[in-house]
Structure formats: C-alpha cells, structure tokens
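Chemist: First the structure, then my questions, so here it is.
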Amino acid sequence: MHQVPELLAPAGSLDAVRAAVANGANAVYLGASQFNARDEGAQLSLNELRQACDIAHAGGVRVYLTFNVLIKTAELAPALVYLGACIDCGIDAAIVQDLGIVRLIRTVYPALEIHGSTQMTVHDGSGARVMQQLGVERIVLARENTLTDISSIREAAPGLGLESFVHGALCISYSGQCLMSGMISERSANRGSCAQSCRKEYTLQDDQTGLTLDSGFLISAKDLAAHDYLAELAAAGISCLKVEGRKKKPEYVATVTHGYRTWLDRLANGENSEPPESEVEPLVQIFSRGFTAGMLGGREGRDYITRTQPDSRGRLIGTVVGHEGADLLVDVTLPVAVGDGLGFEEPVDGSAATIGCTVTAVRTLDVKDGVYRQALSTRLRVAHGWRVIRTLDTELMQGAQQSFAGIAIPERARLRVDVRVFGSAGAPLKLVWSAGEYAVTVQGDVPLAPASKRALDYAQLREQLGRLGETAYALGVLD
C-alpha cells in the first residue's frame, strides 16, 4: 500500500481556514496582501495570517504561503522583508514561482521550506532535478501531466516532494501562465489580476471566407475532479493532493475537503474503489462547470471544455410538469426546500439555465418511486418539460457552515515594545526600540532643525510611533 497523500485545501479567508481544519485538511495554502497571485477576495492581512497560523497549528495543520508572483527588480528587497514578516507569523513553507526569489530565499531564510509553484511548469524529470539543485523541497506539477508523466518524474527525482492538483478550476493556458488577460485588459494573471478572459463567449471564423465555424464558450475549461484517480496518483508518487479555490467561499472549502478526506481515509484502509455518485453530488452542487479528470488519463481534447457553461451550473434534479393555479409543478428526484436556488433550462442538449428564482414557499403533493411532485410558489412562467437545476442547496450550505462553527478565531495578544527617542538641533533623530531582552536602534539621515511652528513633542511622537498597524507589536513606554 502506498502512502496516502497529504490533503491541501485553499484558504482565502479565516473562515476558510476554519473550514479546512474542521473537515480534515492536512495543510492549507493562503496568500497575504502582497506578492500573492490572487487579488481582491483572497488576501489576508498580516494580523489575519497570524490568526490563520494559530488556527491551523492548533489543529495540527500546516500553512503554506503563496508567495507566487514574478518579482520585479525594484521589489526584491521589499519582497524579502515582507516574507520575513510572514515567517514571523508562523508559516511553514512558501510557494514560489520566481526562480531568482528561490535563490534569495535560500540565502536570506535558509531554514524556510520552499515549494515550486505550478507556474514554474515543471512537467518532466529534468525540470524536477533542477528544482532539487536549487533547494526546492516540493514541486507543484504542471496540470498538463499524465499519470505516466508523474511516474517518470518520480523516478527521475526520487527525493523530491510531488504535489498535484486534484480538484477545482482549470486554466486553458499551460500551468496558468496566461498572457491573454494582460493583453486584452492589462490585468496580468501572473500578478494576481486575471480578468477570466477564457470564460468569455467567442466566435471562431474562417479568415478566408468569413464563415462562422463555431461559437460559444470555446476556451472555458471544465473543473478538475480527479476523485477517481486517488489510488493511481498515490501509486505514481504524489505526496500531496491540492484543491484549487482560494477565492471560493468557506462552504466550498468545507464540502470539497470533507469529500476528499473521506475518500483518502478509505484509501488508507486499503479501499481504492471510485467514490459513489451520491458522494460526488455535493461537490457538483457546491460548484461545478462540469467535471473532468484533466489530463491524468491522457489528452482530453474537446472534452476538456465546457462549451456552454462558463460558471457553476448546479445540479439537475428534475423537470417542470405543469401548473396548478399560480404554482409551478415540478417532478424532482431530490426535494426542494425553502431557501434553495433554482434555475430552469430549455430541454435542449447543451443549453444553460436561462431563468431562476429562490424558493420562498413549496408544497409536496406526492412521492412515487423516489420522485417528488412539488408545487412552487413563484411568478415565473416556465414551460412544461423544462429542466429543473438546483443552483443553491440550503441544507448543504448550512451543514458546511455548522462543520466549522466550533472553531474559534483566536485573539492574539500583541507584544509590548518600548522606545527611547533622542534628538537635538543639528543631529539626526535616533530611536531605540526594545522588547524584553532585544533592542534595535534606528537613526534618521536628516539633521533636526529648530521648530518654526510646532515642536516635536511627546503627544505627536506617541501618535506617530504608535501606528504599528497589523504588526505583532503595541507601543508601551515612550521616553
């Protein structure tokens, strides 16, 4: 039996960290507010990062920082200083894309564990060996690798940790190194500002004749769901399975993490059968553009693409069968509840949900052979035969929320720092900061001059020096 891989969950918020810890993740990966390849919606402040590390470590879960943008020359020093602040918060490893930063980290922070980002596009044995030579402990393999590729990489670099994505959004570009967003909207995907250009609708035309050859969501990839390949991934040498989704809600993190934890625990007990459909359906419900196993089993071709649905579709549960007064009658395989979101599709293959509603009132009229006939109070007029898609499952969401409700967000006490201030006309300002047995002296470059209007007094110094922001410190005695 091969070792069961580590389960790595995304965390774009403190609640997502709680959700991951509560549902069985072995590690979480997250980004702080700088040098992180996700912009708004998936960035933690330094104070939140400390809290995230406290939550995770209390549950025996490791924390990996996404320090994964390409660093500009002028940013090298600030980036290393900022990384040092993140190390002080308690991170266990950094996920890095920039090769130059890898070398600098090895020099400045030699004890920090480094993981090579998937955006390094390590896809073969030679690339893996280079990463080992640079001092990288683990690589996140290119998502284009097959199982055969993974096995050959393991053979070429036996001492290197191998990580593979197992669930979540896929990029149409190799390993996420997309230039399309930057060219169209000047929002660089490699700097955390992807505009999701691949999720747009396009028309393919013959340049010679002008004829339309195809149209739709032609380059919008389905979502990865490799739950049927867990045993094969472990056998190929994967030591960590990664769930994509740092911008997803905590309920998504809870649901997906719980599913893969269940299946990996079975694998640890010697069971390697594919999960039943009933256990996969919550993952479809929580978010899915349609699932694919990616390229693990070989090149997918057009089956890699959604074609008609660029966002989460939801779960097909039944059809519209008529009306009863003002109510809409539906036959569904799963009962609809108040608070659920529903979408309705025309009965045409490949069509997307065109209209929808939130259920405010529902009556169950009959149950026969596992089919529920229900009456929905809605003003929507939907034709007979239209498909019923559940876009939001209230029960699933509430269950996910309850799963991590018992994990509190700790308040972290700040460390008191005292400061002595020295200065006189013609001499520079000097500050001596001290905390316990440690002291740091900083001195300005500009000589002080006599005040012409307002002198640098105690109150002004205390206000300015007390602005310690989201650091771990609080100003104590000022002398």
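Chemist: How do Thr121, Thr333 stack up against each other in accessible area, from largest to smallest, with a 1.4 angstrom probe?
Modeler: Final ranking, largest accessible area leading: Thr333, Thr121.
Chemist: Follow-up question, since we're still on this one. Taking the alpha-carbon set of the range 276-366, what are its Rg and Dmax in Å?
Modeler: 15.7, 53
Chemist: Rounded to the nearest 5, what % of DSSP beta bridges with both residues in the chain are antiparallel?
Modeler: Given both bridge residues lie in the chain, the antiparallel proportion sits at roughly 60 percent.
Chemist: Could you derive backbone 3J(HN,Hα) for the range 95-101 from the dihedral phi with the Karplus parameters 6.51, -1.76 and 1.60 (θ = phi - 60°), listing whole Hz in sequence and x where the residue is Gly or Pro?
Modeler: Taking θ as phi minus 60°, the curve returns 9, 10, 9, 6, 5, x, 5 Hz for the range 95-101.
Chemist: R0 = 60 Å: FRET efficiency of Thr333 with Ala111, Cβ-based, nearest 0.05?
Modeler: E(calc), rounded to 0.05, equals 0.65.
Chemist: Also, I was wondering about something else. Going by amide H atoms built from the backbone, whose H comes under 5 Å of the H on Ile305, apart from near neighbours?
Modeler: Lys222
Chemist: Whose amide H sits under 5 Å from the amide H of Glu113, counting only residues 5 or more places off or on another chain, with H placed in the peptide plane?
Modeler: Ala94
Chemist: Search the structure for amide H atoms under 5 Å from the amide H of Val63, placed 1.01 Å from N in the peptide plane, and list their residues when 5 or more places away or on another chain.
Modeler: Hits under the 5 Å cutoff: Val28, Asp92, Ala93.
Chemist: Now for a different question. If you filter the range 428-473 for trypsin sites (Lys or Arg not before Pro), then keep DSSP loop positions with at most 12 other Cβ within 10 Å, what is left?
Modeler: Lys453, Arg454, Arg467
Chemist: What ³J(HN,Hα) values, in whole Hz, does the Karplus curve 6.51 cos²θ - 1.76 cosθ + 1.60 give for the range 20-28 when θ = phi - 60°, with x put for Gly and Pro?
Modeler: 5, 5, 5, 10, x, 5, 8, 7, 10
Chemist: While we're on this one: If you plug each phi of the range 377-384 into the Karplus form 6.51 cos²θ - 1.76 cosθ + 1.60 with θ = phi - 60°, what whole-Hz ³J(HN,Hα) values come out, in order, with x for Gly and Pro?
Modeler: Each residue of the range 377-384 in turn: 7, 8, 7, 5, 10, 10, 6, 4 Hz.
Chemist: Probe 1.4 Å, all protein chains in place: accessible area of His123 in Å², nearest 10?
Modeler: Counting only protein heavy atoms, the figure is 100 Å².
Chemist: Please report, to one decimal in angstroms, the Kirkwood hydrodynamic radius of the range 109-217 built from all distinct Cα-Cα pairs.
Modeler: Final number for the Kirkwood radius of the range 109-217 is 16.2 Å.
Chemist: Compute the Cα gyration tensor for the range 58-139, then decide on rounded, prolate or oblate, letting a ≥ b ≥ c be the square roots of its eigenvalues: rounded whenever a/c is under 1.5, prolate when a/b is larger than b/c in the other cases, and oblate in all that remain.
Modeler: oblate
Chemist: Dividing the Cα radius of gyration by the Kirkwood radius, what Rg/Rh value follows for the range 314-426?
Modeler: Rg/Rh for the range 314-426 comes to 1.49.
Chemist: Calculate the spin-label point distance for Arg381 paired with Ala439, positioning each point 7 Å from the Cα along the beta-carbon direction, and give it in nanometres.
Modeler: 8.4
Chemist: Which value, in Å² and to the nearest 10, is the accessible area of Glu113 when all protein chains are kept and the probe is 1.4 Å?
Modeler: 40
Chemist: Ok, one more. Return the FRET efficiency for the residue pair Arg266, Thr212: r is the Cβ-Cβ distance, R0 is 41 Å, and the value is rounded to the nearest 0.05.
Modeler: Result of the calculation: an efficiency of 0.25.
Chemist: Could you give the distance between the Cα centres of the range 214-236 and the range 23-96, to the whole Å?
Modeler: 27
Chemist: OK, next. So if I restrict to the alpha-carbon atoms in the range 259-299, what is the Rg, and what is Dmax, the biggest pairwise distance, in Å?
Modeler: Looking at the range 259-299, its Cα Rg and Dmax stand at 11.9, 32 Å.
Chemist: Sticking with this one: What is the Rg over Rh value, at two decimals, for the range 158-274, using alpha-carbon atoms and the Kirkwood definition of Rh?
Modeler: That ratio equals 1.09.
Chemist: Taking K and R as +1 and D and E as -1, what net charge do the other residues with C-beta under 11 Å from the C-beta of His57 add up to?
Modeler: Taking every other residue near His57 into account, the sum is 0.
Chemist: Quick one: grab the alpha carbon gyration tensor of the range 216-273, order the square roots of its eigenvalues as a ≥ b ≥ c, and give me rounded if a/c is under 1.5, else prolate or oblate depending on whether a/b is larger than b/c.
Modeler: Cα axes put the range 216-273 in the oblate bin.
Chemist: Let me ask another. Per DSSP helix of 4 or more residues, -39500 (n - 2.57); summed, then divided by the residues of the chain. What does that give at 222 nm, rounded to the nearest 500?
Modeler: -8000 deg cm²/dmol
Chemist: What share of Cα pairs, in percent, lie more than 18 angstrom apart in the range 1-145?
Modeler: Result for the distance tail: 55 percent.
Chemist: Also: Hull surface divided by four, with the convex hull built on the Cα atoms of the chain: how many nm²?
Modeler: 31.9
The values are calculated or read from the model by the stated rules, or taken from the named source; none is laboratory data. Treat the numbers as computed from the prediction; the structure is a model and nothing was measured. Every residue, glycine as well, gets a Cβ built from its backbone with ideal geometry; the counts of neighbours run over all protein chains shown. Note: areas computed on protein heavy atoms with side chains; ligands, DNA, RNA excluded. Shrake-Rupley method; radii C 1.70, N 1.55, O 1.52, S 1.80 Å.
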